[in-house]
Every structure is written in C-alpha cells, then in structure tokens.
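Scroll down for the structure; my scribbles are underneath it.
The values are calculated or read from the model by the stated rules, or taken from the named source; none is laboratory data. Keep in mind it's a predicted model, so treat the numbers as computed, not measured. Cβ sites come from the backbone with ideal geometry, for glycine too, and all protein chains shown count toward neighbours. Note: areas computed on protein heavy atoms with side chains; ligands, DNA, RNA excluded. Shrake-Rupley method; radii C 1.70, N 1.55, O 1.52, S 1.80 Å.
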Amino acid sequence: MEQSYSLTTIPPTETVDETQIQHMLLQLPDISSVYISNGGRTVAITTSDPAPALQAIVALLRKARFNIETTRSNMPVLNMSCASCAVSTESMLKSVPGVIVVSVNYANANAAVEYLPEIARPEDLRNTLQSIGYDLIIATDEQNAETVDDIRTKHFNKLRRNTYSAIALSLPLAVIGMFFMDIPYANYMMWTLSTPVLLLFGRHFFSGAWNQLRHRTANMDTLVALSTGVAYIYSVFNTLFPDFWHRRGLHAHVYFEAAAIVITFVMLGKLLEEKAKGNTSSAIKKLMGLQPRTVTRILPDGNMAETPISEVAIGDQLLVRPGEKIAVDGTVISGQSFVDESMITGESLPVEKQENSPVFAGTINQKGSLQFVAQKVGAATMLAQIIKMVQDAQGSKAPVQKIADRIAGIFVPTVLALALLTLVAWTLLGGDEGFTRGIMAMVTVLVIACPCALGLATPTAIMVGVGKAAEQGILIRDAESLEIARKVTDVVLDKTGTITEGKPSVTDMYQTNENSHHTDVLVSLEKMSEHPLADAIATHFTNAIPVAVSDFTSITGAGVTGTVAGDTFYVGNKRLLIEHNISISAEVSQKAGRWIAEAKTVVYFASSSEVLSIIAIADAVKPTSAEAIASLQDAGINVHMLTGDNPATAAAIAAQVGITKYSAEMLPAEKAAYIQELQAGGRIVAMAGDGINDSNALALADVSIAMGKGSDIAMDVARMTIISSDLGRINDAIKISRDTVSAIRQNLFWAFIYNIIGIPVAAGALYPINGFLLDPMIAGGAMALSSVSVVGNSLRLKLKKHTPTT
C-alpha cells in the first residue's frame, strides 16, 4: 500500500531547480510521485516502501547540499542477549519510516539513531522493538541517566537471583544424574528439580525464542531454548514411556541434568558477562560522577543558598569552597586557588585560578575559595560535551566490526542447520544408539555455538580503549579513527598554538643597568599601547608600579614615546631609535642579533640618549613539544611542520624541536594540498592543528586531531581532541589505538577459533577416531566461558600502563 510523506528542507541556495530535483528523486526505487514546492523547502513523496525510500531521499538531498533537520539520539536497548539480537534490533529500527541511520552496540546495549522528527517518533521505535521482545528507553539523558542505571541494576539483580536459584537446584540434580541415577524414582526427582530451572528461572530464553520465531528471526535464545527444550521434552517422554525404547532393546536415557545445567551455565556466563561489561564503561561512570548534585549560589542580597545543579542558570554567582567540585563552567570573579583539572585534561599539576580565570565543571578546587559566574550549564559544559563525545565514540562501530556483524546475522540460522544435519547424520549412520546420540549431539551443537563472543569482540575493546583515552585527556570521536590511528606513518603539525603556545610572551630581557624605576616606566608606556607585543610586556612584569605618563604618542610601524617626570622614553623597534639618533652599544647589538637569529622579536627601551634594555618576545615553544616530537620520531613516525609564518621563524622553531621537514608561508589551501600529496604517496596522515585556518587540512587527514585550547571549528572537524593541548598525547593516542586493535584481533581470533573447533567436536567429529562425545553440560560451560574470556581480554587494556609521553 502506498503512503505519502512530507519533508522540510533548507535548500543550498535561494533558488533551486525544482524540476531537476523532482526528476532526480523519481529515479530512486519505490517512489511513485514527488511534489516539490516552496522553493525546494517542502518535498512531498508517495512510496510503497517508505523506510528505504526516505533514507535514499535524505542521502540524495544531502549530496545536493540540502540541509535536512534530523534528530540524533542515543537510546538504551533492553533484553538483548547476543550479537544476533543487536543485528535484529538494528534491522527492525531501520525498517521504521523516517529512520535514517541506526547503529546498535551490543556491548553497551545502546542504539544510536538518526531520524526525521516530523515522520518518526521515539514511541514508534519503542513499539517496533517491543513487538519482538526488546525494549527501548526513550526519555532524555538528563532526566533518566539514573533511571537507565536503575533498570539495568534491577535486571542484573534479577539475573543474579535466578542464577543462584538455578545453581541451588542444579547441584543436587547433577549429583543424582551422575551418581544415583538408579535409585527409585530418580527420573521423577530429576524432572522435579529441572522443571523450575527451565520454566521459571530460565523462562526468558523460551519467551525470547518465541518472540523471535513470531518475526521469523533467531538469536541465542533460540539456540538455548531449542537445545534445552529438546533435551527436556525427550527426557519427559522417556520418563513417562520407557517401554517405547525397551521394546526396541534400547535404554530410555534421560537428560534432565544436562538441560538444567546448560541453562544454569548460560545464566552464570551472562551474569559474569554483565558484570564485566559494566566495568568496560567505568570511564563514563567516573566522568558522570565528577559533577556535584548541588551548588552554593550567592543570592543578590549576599546570602548563600544550597541549590540543585539543575536550577543553576547562566549568570548566577556561585561559591566553591576548598575540596569541593566545581559544578558548571564559568569565570572567576574573586578569590585565588589551585584547581585539579586532571580528570578533564589529564594534566597532573593543579592549575592556578584567580580573577578572570576560566573554571570547568567536574574539576576539584583545592585550598582557596573561589567565587565565579556561571557561563555554561547543563549539556553545554565541557564535562557534558566530553561525556557525550565518549558515549558516541563507545557506541560507534569500527570497520572491522562490520565483518563480525555480517557473520552474526547468519550465525544462528547456520547453527540450526548444522544441528539438524548432525541429528540426521547420527540417525542414519550411528547404529542402534544413533538417534539417542544424535539428540545429544544436536543439543550439544546448539549449546556450544556462541554468537555472543563474536558480538562482544570489537565493542568491548572499543569501549575500554575510548574510556582509557578519555581518562588521559584524549577525546576520540568514533571507533574508526581509533582503529586507523595505529597505522599513522606521518604526523603533520601546525606551528602556532600546536607546537608553540599560540601567543607572544617575553622570553629574554637584557638591561644595560638594573633599575626598577625603568621597568615601571616601560610597563606604564606599554599599558597605553594597543599593540599585542606591548600587552605581552605589560603582562610579564606583574610587579611593576604604574607611573604617570604624559605626551604619549604611538608611531605606526615603529613604537611609542612618552614623557615621565620630564624625561622622554622610547619603546619600539630599532628604526625608532635610529630616527631619534639614540646610540646602540655593540653589546646590545650583539644580543639583539642573536635573538633575531632565534626568530624572536626584539623590543628596544631607551631614554633620549641611550638604550636602557632590550626585550625578546616570541611565541614560545611549549615545554613538552620537543620531547613529544622526539617520541613520535622514535616510534618511526615522520613529523612535519606547516606554518603561515616566515621562513626564518619556521626554521628556528623546527630546529628547536627537532623537525627536519617543514614548510613556511603556507596558506590554508596549501596545507590541504600538502596532506593530499602525502596521501597520494601511500602515507597514512594524522594532522594536528588548533585554528580555523587548519580546518580544511584537518578534514582531509586520515586522523584529524584538534588541540583543545584552539578554535571550535577545528574541534568540530577533528576526529580526536587533545584537551590539554599537550603534543605528547598524540603518541599516547597512537599507543592506545595499537593496543585496542590488538585486543580486537585477539578477541575475534578466539571467538572464531572457539566456534570453528567447538561445533565439529560437539557434532561428534572425534567419535570415529577415539569414541569421544562432548557432554552438553561441558559445552554449556565452554559457551559461557568464551563470552567472559573475550570481555576479560578487553578489560586487560585498563591494566596496561600508558605513561604519558611528556
């Protein structure tokens, strides 16, 4: 049946060719009519298959540079039991009209959904998942972070109660089945003990399998329910009708203990898996725990009030006492203290805060009290943005995971077919006991097959790796960049703000004779100047005492002059002194020449007759830059420097930090071309920059890295952000990438090997050789262990020490 939908768009230009757009859209499959009006701002379509049709339309319009408003939301998914569940969930959500992109992560039980809010509603998504036995929490993060945790805690506690109850019944059941199977009424006792394990404590396996069957899909619940259900029903039949087999000269075997213990082992494995998966998201929990629930607000009358953080508004004046956490982002208006920002930046040393200093939510005030004005609250704070970026990255999929997802999508049907084939083969070729052994071999195949290990292999490692990076002040936007970073062969660095501090500062001073009054005059003159170099001098000499200046004059391109107590003083370049016939001694000229060779700007301070002092000003190299660059080079990575600055400055900075490959006077387009040239030579390029002029090159790089104190545009474009602006973190990020990808490969290897070896052994491949048949109970334990071992291997990343490079 055909349905009609309408989209609101923002065209790329004021006028668009509606006929051309209409013709393009009509070329898409399953679209029978298109009507475009309002200058391309309204697109109405009729289609027989709305979900893929709308996805194709949005993709095409975006390619034509139309802006389409969508909503992106991370929604917790409940009741997923394996990787096949994640595949089913993703497929069902994609089938909802108006959903554009879906990514479901089994490890953190989260669905990242982009949808058209005018067509799809969150309630539609939830109803779709509820129809196949899953559930979706659709409330907002701020309101329901605790609700999600509460639901998952209740689920975990219920699973724990059911598991312990199943163990309590399975232990005597195993004893009877293994040692006392010949006592009177043994079969009835085992039937009694196994029934609650399957139908009460393990009933969710059967209800989940039924929901999957209703929608013609299958998952791990299907495997567990089929295997234990077959063993249980077969055992009930043999208990009630043993003569059926006796008349044929066969023993009526029962497998109640196998069915119950398999359920118990699977539940125990799930319990351990849930606990381990909780540990993979510990970084997010730490970040969320940084923000206090209440804050001390300073009222207009000067009184203090304890206020919930949700009620804090921009402009509120807040007080933070020694030892308290800072609640929101703001600027200090009074007080002096040191603040521990290590949880945000990864820097261990506390940062001094005084009037006009910025403070950030989640950091810890130390000895002094601070009053500050709230400037960013709620989701706008740096802490909230870090949490969201880490959550998005942990929920994203690395390219290697797509292979595992494709396998998980066909895994369960393949196992079902192999199990049935096993039963048929045993029945035809197994002799008198062939059917009985075939039943057990089929059950064992169904039990030992584990899609969970495949599903957990990549996302658990990604979650731990992204979380570990966040703890070191490295924000990774998505799993793909984390996977690519290990391959980086070349790192391209912008100079200003990346290698250097990004602002001029005084580096050296030489006085012909020390006189504090002269310093007071120098600072007083520079405070009256608007030149950025003057500001660097005025800021450097904080203890100077202001003096009265008269006849102040600014001379363009030369400097400033002024009179103090009847004497005229000059501050500026060498030309200013030459024009006023002020002599420059050989010693002063020699020092100035050496500083100029180091790419520093020299400022002369003179009286009307002689030079009193010279000051060297430069955009100083960050203290950690040289060591960080050396560590990259030691790791076999080529380091390049690009700058728009002059060749002399570029050469001096490159020599100072040990870079041999550098280019000066580079325009933004030339930086981008430089990246492309490296890539054309087969290099994998990481670019680190902090400015708007770096955004084009950042967008082209294989791994783009923004320095956290740079422009918002650079951080928007970049796939990684170094919060502290410490270059040493680049090498740390590459090391974390290598360790994470190594863990993913190990996980996938063991998950594949486990299934490749386990399934044939379970089917009885060794029986013709040595008479070995795998017991279903051992298979259940092995299946549980495979998932837990994969998660455990990912958690090893947390134990690896990544000592900061600088």
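General observations
- Residues whose amide H lies under 5 Å from that of Val101, counting only those 5 or more places away or on a different chain, are Glu114; hydrogens are built 1.01 Å from N in the peptide plane.
- Accessible surface area normalised per residue over the range 466-565 is 44 Å², counting heavy atoms of protein chains with a 1.4 Å rolling probe.
- Leu199, Leu136, ranked by accessible area, largest first (probe 1.4 Å): Leu199, Leu136
- In terms of overall dimensions, the C-alpha atoms belonging to the range 742-799 reach 44, 20, 13 Å along their principal axes, ordered largest to smallest.
- A cut-off under 15 angstrom between Cβ atoms defines the neighbours of Ala544, and their net charge, with Lys, Arg +1 and Asp, Glu -1, is -3.
- Shape of the range 444-541, Cα gyration tensor, a/c cut at 1.5: prolate
- For the range 6-108, the list of GluC sites (Glu not before Pro) that fall in a loop by DSSP and count at most 12 other C-beta atoms within 10 angstrom reads Glu14, Glu69.
- Residue-count net charge about Arg203 - beta-carbon cut-off 15 Å; Lys, Arg +1, Asp, Glu -1: +2
- Inverse of mean 1/r across different Cα pairs in the chain, Kirkwood, Å: 31.6
- Around the amide H of Met641, modelled in the peptide plane, lie the amide H atoms of Leu493, Lys661, Tyr662, Ser663, all under 5 Å away and 5 or more residues distant in sequence or on another chain.
- Farthest toward positive dipole pole in the range 571-726 [+1 Lys/Arg, -1 Asp/Glu at C-beta], among Gly572, Tyr604, Ser585: Ser585
- Ellipsoid semi-axes in whole angstrom, largest first, where each is sqrt(5λ) of the Cα gyration tensor of the range 649-711: 18, 16, 12
- In sequence order, the range 551-561 has phi-based couplings of 6, 6, 9, 9, 9, 4, x, 10, x, 9, 9 Hz under the Karplus curve 6.51 cos²θ - 1.76 cosθ + 1.60, θ = phi - 60°, and Gly or Pro positions carry x.
- Couplings 3J(HN,Hα) for the range 306-316, derived from phi with the Karplus relation 6.51 cos²θ - 1.76 cosθ + 1.60 (θ = phi - 60°), are 6, 10, x, 4, 5, 9, 6, 10, 4, x, 5 Hz, where x marks Gly and Pro.
- When the alpha carbon gyration tensor of the range 1-60 is reduced to an equivalent ellipsoid, the three semi-axes, largest first, read 19, 11, 10 Å.
- Per residue, the chain reaches -16000 deg cm²/dmol at 222 nm when only DSSP H runs of four or more residues are counted, each adding -39500 (n - 2.57).
- Trp210 accessible area, 1.4 Å probe, all protein chains in place, Å² to nearest 10: 150
- In the context of the full set of protein chains, residues of the range 1-126 present 45 Å² of accessible surface per residue (probe radius 1.4 Å, heavy atoms only).
- Of the solvent-accessible surface of the range 64-193, computed with a 1.4 Å probe and all protein chains present, 55% belongs to carbon and sulfur.
- Distant-in-sequence amide contacts of Leu78, defined by a placed amide H-H separation under 5 Å and a gap of 5 or more residues or a different chain, comprise Asp135, Leu136, Ile137.
- Radius of gyration and Dmax over the Cα atoms of the range 590-635, both given in Å: 16.3, 56
- Between Asp535 and His155, the modelled labels are 5.2 nm apart [label points 7 Å from Cα along Cα→Cβ].
- Rounded FRET efficiency, nearest 0.05, which uses the C-beta distance separating Glu324 from Leu420 and R0 of 41 Å: 0.05
- Cβ-Cβ distance of His246 and Thr427, R₀ of 22 Å, FRET efficiency by 1/(1 + (r/R0)^6): the value works out to about 0.65.
- Degrees between helix 382-395 axis and first principal axis of the chain (Cα, 0 to 90, nearest 10): 40
- One decimal place: the segment Arg738-Ser91 gains 229.8 nm when fully extended, by the rule 0.36 nm per residue minus the C-alpha distance.
- For the range 472-513, alpha-carbon Rg relative to the globular expectation (2.2 N^0.38 Å, N residues): 2.04
- Remark: for residue pairs Lys353/Lys574; Lys270/Lys800; Lys622/Lys671, the C-alpha separation exceeds 32 Å in Lys353/Lys574.
- In order along the range 34-44, phi translates into HN-Hα couplings of 9, 10, 10, 9, 6, x, x, 7, 10, 10, 10 Hz, rounded to whole numbers, per the Karplus curve 6.51 cos²θ - 1.76 cosθ + 1.60 with θ = phi - 60° and x for Gly and Pro.
- Taking 7 Å steps out from each Cα toward its Cβ at Ile309 and Asp508 produces label points 4.9 nm apart.
- Note on Ile138 and Ser589: the model spin-label points, each 7 Å out from Cα along the C-beta direction, lie 8.2 nm apart.
- The peptide list 237-247, 313-323, 490-500, put in order of mean Cβ contacts within 10 Å with the highest first, becomes 490-500, 313-323, 237-247.
- With a Förster radius of 45 Å applied to the C-beta separation of Ile578 and Ala669, the computed FRET efficiency comes to 0.70.
- Pair-distance profile P(r), taking every C-alpha pair of the range 515-638, with 5 angstrom steps and integer %: 2, 10, 19, 20, 17, 10, 6, 5, 4, 3, 2, 1, 0
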